[in-house]
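Taking it in order: structure first as structure tokens, then the write-up.
The values are calculated or read from the model by the stated rules, or taken from the named source; none is laboratory data. Just so it is clear, the structure is predicted and the values come from calculations on it, not from any experiment. Every residue, glycine as well, gets a Cβ built from its backbone with ideal geometry; the counts of neighbours run over all protein chains shown. Areas reflect the complete protein model, heavy atoms only, side chains present, ligands, DNA and RNA absent. Shrake-Rupley method; radii C 1.70, N 1.55, O 1.52, S 1.80 Å.
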Amino acid sequence: MSRLQVQEQAVDSEGDSSLYRRDEEGTQSSHRMLGFSDALLSIIATVMILPVTHTEISPEQFDKSIQKLLATRIAVYLMTFLIVTVAWAAHTRLFQVVGKIDDTLALLNLACMMTITLLPYTFSLMVTFPDVPLGIFLFCMCVIAIGSVQAMIVGYAFHFPHLLNPQIQCSTHRALSRRHILHLVLRGPALCFVAAVFSLFFFPLSYLLMVTVIFLPHISKATTWCKDKFMGHRESPAHNVEPFSIDLHAPLSKERVEAFSDGVYAIVATLLILDICEDNVPDPKDVQQKFSGSLVAALGAYGPQFLAYFGSFATVGLLWFAHHSLFLHVRKATQTMGLFNILSLAFVGGLPLAYQQTSAFARQPRDELERVRVSCAIIFFASIFQFAIWTTALLHQRETLQPAVQFGGQEHAFMFAKLALYPCASLLAFAATCLLSRFSTAIFHLMQIAVPFAFLLLRLLVRLALAGLQVLWDLWPERPQQDQGEPETQSQLLPASC
């Protein structure tokens, strides 16, 4: 080969590398955009509760209104909240594949986010006009538009491979990866398209199809398990020797779950103050006429509302604290744990409704019993699903939990008490109102005051309880004789003091 040909090949290779470098110009990591999208999605999921909190409840027909509220508006809120979390999970999966972004991808993502921001408006139409199919039709069309934009992001990223995750860039099965992510992104919008069609002539079936969207990952997993169980596990073809490097059906990373959950808790805590700013600022004319110009006296009239705000904020904060303590000891979140976390967040999003109910005690005292029960139910479900996360993690504790909170671990009993405190307190308050209905408000406020103090003294109380159990164990008269292998079992049943 002549020297001239070698120089021409070197120039060609330099041209190819410079072209690739030019393709990479203007790209950046997708982490910041993903953080922005997570924040926006958590806000959209949480503000879905606002149309429910602003429901007008007639004092004369409180029971019928509450039944309608629980049967329609709260049910529709839970469904739409969970659908938004499905969109968040699909968006996170998508950007497991897309590693970098450019201006076009950033604009496409903004178009996706703009469509998502329309979901609360369509939800408001659904709860305000439950018998009119237009609301659910528009909601489904928004979900379809979200899936279409996400599919455009997939197509654009695979057209310019330098935007993809490096593992997929080097993969020989890039087309398989594209089909895999498109199937994940479009299966929910496809069901919503069918739901939109049925909404035109039989909209109850549309709600059923939208509920199916929420549980699609679990239905798919159960279907695969049944197929392998009854038809046998089929081996992959020989030519597919290279595995798919990113498992898009695996649980989301613990960090992403924590970030989204923190966003929901922060927004719920912020929503509580909006009603204080809107409804509890005295009118200047009323201050002059009713309180002789004394702003302090006027603010004193809103004392019960401020008490309800502080109690509700403490509830949100302590539920977040329990969630934070739990995930501090979680190694890996399974799909079932993720489902229970989303269900817990859905009821945490309903805490502004609980605040609305408790702040109305002073205005409508005759309805306080029903309002206390609604508030206790919301707090109970928000906390019991947290407890379910931990219970599920214990089933695979070697993979999911740190040793300190496993059976027999040093923090096991303390974590049990921390996560069981709110379910037990809210359930006890609900039962007490059934027996002592005349004191329902006092019982609820006592729960709100007692639980924060119980959190402060919880470690001491757990130590005292463990010490008492140990004393009873030592004093048990008919305790069977143990051989040398049994003390280890006993130590697992009665963990070491915290």
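Data table
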| item | result |
| --- | --- |
| Inter-residue pairs, beta-carbon under 7 Å, first farther than 12 Å from ALA89 by Cα and assigned to a helix (DSSP H, G or I) and in the range 244-259, second modelled with pLDDT of 75 or more and open to solvent by 50 Å² or more (accessible area, probe 1.4 Å), 6+ apart | LYS254/LYS332 |
| Residue among THR104, THR122 that alone is surrounded by fewer than 21 Cβ atoms within 10 Å (Cβ to Cβ), under 18 Å from LEU191 (Cα atoms) and among the hydroxyl-bearing types (Ser, Thr, Tyr) | THR122 |
| Members of the range 293-317 that are modelled with pLDDT of 80 or more, open to solvent by 20 Å² or more (accessible area, probe 1.4 Å) and over 16 Å from the mean Cα position of the chain (by Cα) | TYR309, PHE310, PHE313, ALA314 |
| Yes/no for VAL197 being buried (at least 21 other Cβ atoms within 10 Å of the Cβ), assigned to a helix (DSSP H, G or I) and aliphatic (A, V, I, L, M) | no |
| Long-range neighbours under 9 Å by Cβ, at least six apart or interchain, first residue within 13 Å of VAL76 (Cα to Cα) and at pLDDT below 80 within the range 202-220, second open to solvent by 50 Å² or more (accessible area, probe 1.4 Å) and among the basic types (Lys, Arg) | none |
| Odd one out for ARG174, checked against (1) open to solvent by less than 90 Å² (accessible area, probe 1.4 Å); (2) charged (D, E, K, R); (3) under 25 Å from the mean Cα position of the chain (by Cα) | (3) |
| First in the range 320-341 and of a type in the set (A, V, I, L, M, F, W, C) and assigned to a loop (DSSP other than H, G, I, E, B), second anywhere and open to solvent by less than 20 Å² (accessible area, probe 1.4 Å) and at pLDDT 85 or above, Cβ under 7 Å, 6 or more apart | ALA333/VAL257 |
| Of residues in the range 334-344 being buried (at least 23 other Cβ atoms within 10 Å of the Cβ) and out of contact with any Ser or Thr (no Cβ under 6 Å at 6 or more places or on another chain), the one farthest from GLY409 (Cα to Cα) | SER344 |
| Any chance ILE136 is of a type in the set (A, V, I, L, M) and buried (at least 19 other Cβ atoms within 10 Å of the Cβ) | yes |
